[in-house]
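Before any comments, here is the structure.
The values are calculated or read from the model by the stated rules, or taken from the named source; none is laboratory data. If you're wondering where the values come from, they're calculated on a predicted model, not measured in any experiment. Because the Cβ atoms are built from the backbone with ideal geometry, glycine has one as well, and the counts that use them run over all protein chains shown.
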Ligand SMILES: NC(=O)c1ccc[n+]([C@@H]2O[C@H](COP(=O)([O-])OP(=O)(O)OC[C@H]3O[C@@H](n4cnc5c(N)ncnc54)[C@H](OP(=O)(O)O)[C@@H]3O)[C@@H](O)[C@H]2O)c1
């Protein structure tokens, strides 16, 4: 087949700029595979890309979509695994909102035992992001107090489960009672409804946070710095309320804090392959055993990608939204 169905961003704007289109089926380059997509995960960075504020890195597809599940149908030179016919889930440089997508073989992982392709499509983006930021960069240790903002998000629901599994004490913020309850059900020790309670006060009463994962930014940055315990770490993965703030750095010095962060997509193929290796060793056995699983919010057909984005930006969802291809 030479042509495939896909969803393209016709111009920067709201969900309505996502429109069905026809594109050539990609060919695998050296080290890549082509996957016949079964499901594609929907992530907040897709909405940022659609709005014109998160350009694809050089060489990546302009089509949205950072993760998928499906069957490998073509293999480029130099690939030992996966093979044609294997079912995988994969982190993508872009292009997941389509019938076929090319991605480095090293960014594929097996579909966990007993898990459907729908759930598997929702693993790569949040598990790569949480593992690299919370464990590799943030150095979360068992027994530490870990505060996750946006606890009910795709990222948050993954972070709660992994942190809890590895023995951390998990605290979250979320914007409604229902979202707070979902976080508690997943293993959070305390869920703070930020519309009713001040997370700084709650966490200080606990002795402060050793690690904070933040996607909000804005005035949360100075409040996070106040919230951190001595030697605490703040890992910034997004700025839903903006990146430019005034900050008193004296607290950073006095409490010996570390402020860091990262974005996944622009990192090298090798860097992302290293994250995949750690996930395969340390996290996939937990998924195989059913000890952790993605939290599913809703499913839309590929053609209704605009409705999926509207649901995500309406922020009533809990967990992951997925497109059926
Ligand atoms: N750095 C990276 O590599 C990377 C990779 C993937 C995702 N991300 C970022 O991580 C965040 C979560 O991604 P996701 O796909 O899991 O998204 P998502 O499910 O849409 O989650 C966004 C969450 O943020 C909360 N939130 C708090 N303040 C907000 C505000 N001012 N505006 C909008 N939402 C607000 C929302 O719920 P409530 O406010 O109701 O609690 C919601 O749970 C996104 O910002 C995304 O860009 C970063």
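The table for this structure:
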| read-out | value |
| --- | --- |
| Condition met for residue 136 (over 14 Å from the mean Cα position of the chain (by Cα) and more than 13 Å from the ligand (Cβ to nearest atom)) | no |
| Residue within the range 233-248 that is more than 11 Å from the ligand (Cβ to nearest atom), modelled with pLDDT of 95 or more and within 14 Å of residue 137 (Cα to Cα) present | yes |
| Residue satisfying condition, being more than 16 Å from the ligand (Cβ to nearest atom), over 20 Å from residue 28 (Cα atoms) and surrounded by 24 or more Cβ atoms within 10 Å (Cβ to Cβ), within set 142, 98, 120 | 120 |
| Every residue from the range 274-285 that is farther than 17 Å from residue 134 by Cα and surrounded by 14 or more Cβ atoms within 10 Å (Cβ to Cβ) | none |
| Qualifying position, being farther than 22 Å from residue 49 by Cβ and in the same structural domain as residue 225 (by TED's automatic domain parsing), among 289, 293, 250, 273 | 250 |
| Matching option when the condition is within 20 Å of residue 122 (Cα to Cα) and outside any strand (DSSP E or B), among 247, 323, 240, 279 | 279 |
| Total residues in the range 47-73, condition in a loop (DSSP other than H, G, I, E, B), more than 13 Å from the ligand (Cβ to nearest atom) and over 16 Å from residue 302 (Cβ atoms) | 7 |
| Counted residues, the range 157-172 - those being within 17 Å of residue 317 (Cβ to Cβ) and in a strand (DSSP E or B) | 1 |
| Boolean, residue 112 is within 15 Å of the ligand (Cβ to nearest atom), assigned to a loop (DSSP other than H, G, I, E, B), touching a residue at least 40 places away in the same chain (Cβ under 8 Å) and surrounded by fewer than 24 Cβ atoms within 10 Å (Cβ to Cβ) | no |
| Single residue of the range 170-200 satisfying the filter (closer than 16 Å to residue 234 by Cα and either without any contact (Cβ under 8 Å) to a residue 40 or more places away in the chain or in the same structural domain as residue 289 (by TED's automatic domain parsing) (or both)) that is nearest to the ligand (Cβ to nearest atom) | 173 |
| Residue in the range 299-309 that is crowded, with 16+ Cβ neighbours inside 10 Å, without any contact (Cβ under 8 Å) to a residue 60 or more places away in the chain, away from the ligand (no atom under 16 Å from the Cβ) and part of a helix (DSSP H, G or I) present | yes |
